[in-house]
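J.: Have a look at the structure that comes next, please.
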């Protein structure tokens, strides 16, 4: 007895292995590209002149949103001591549920060039993190005055910040 496979069924039979889901260790974590990027809607930094008698604090303020919540985040540090690297800064959740925080990575010490990690623990207890650099010539633009005071902000807002589940 001889079996003949109709030509229409052959492509389907060959594709069948790719249609079957596989149970592997990576199947439980969502693909980062499937997550909607967070939106940093505003980001501003300020660094002082360093002149005697002036406020010595540098500042960072930004607003961030995902599909379920928004938050305002800020940090202040003494410019000569550098950014508070590795110290978790708690953000103020404005709407939705979840807990936002961020921290500086590295020790650039400048408000015009830094790297940060932002974390969201959602209402279900899942943790999401995004990391990235912010620098003049990249995501930031701004200027310094003759006195040495500098102010920087996002070049293009909103800035998409791609997170991944931890």
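What follows draws every value from the coordinates through simple rules; no lab data is involved. It should be emphasised that the depicted structure is a prediction, and the values quoted were computed from it without experimental measurement. Here Cβ is always computed from backbone atoms with ideal geometry, including for glycine, and neighbour counts include all displayed protein chains.
J.: Peptides 135-146, 115-126: what's the order by average Cβ count within 10 Å, highest mean first? Working shown, then result.
T.: Numbers: 135-146: 13.2, 115-126: 15.9.
Highest mean packing first, the order is 115-126, 135-146.
J.: Note down, for segment 61-166, the three equivalent ellipsoid semi-axes (square root of 5 times each alpha carbon gyration tensor eigenvalue), biggest first, whole angstrom.
T.: Numbers: eigenvalues 132, 44, 30 Å².
Over the Cα atoms of segment 61-166, the ellipsoid semi-axes are 26, 15, 12 Å.
J.: Testing the spin-label approximation: label points 7 Å from Cα along Cα→Cβ at residue 39 and residue 92. State their distance in nm.
T.: Simple spin-label model gives 2.1 nm for this pair.
J.: Related question: Using the basic label-point model (7 angstrom from Cα toward the beta carbon), what is the residue 166 to residue 147 distance in nanometres?
T.: In this crude spin-label approximation the distance works out to 3.9 nm.
J.: OK, next. Based on the Cα coordinates of segment 31-103, what is the per residue volume of their convex hull in Å³? Write down the numbers at each step before the final one.
T.: Working: hull volume 7.8 nm³, N = 73.
Cα-based convex hull of segment 31-103, divided per residue, equals 108 Å³.
J.: If each residue's Cβ is checked for other Cβ atoms within 10 Å, how do 38, 77 rank with the fewest at the top? Display every interim value, and only then the final one.
T.: Numbers: 38 23, 77 19.
With the fewest neighbours first, 38, 77 line up as 77, 38.
J.: Calculate the FRET efficiency for residue 124 and residue 80 from the Cβ-Cβ distance with a Förster distance of 35 Å, rounded to the nearest 0.05. Spell out each step's value before the answer.
T.: Working: r = 42 Å, r/R0 = 1.21.
My answer for the efficiency is 0.25.
J.: Based only on other Cβ atoms within 10 Å, what is the fewest-to-most ordering of 36, 93?
T.: Details: 36 10, 93 15.
Lowest to highest Cβ neighbour count: 36, 93.
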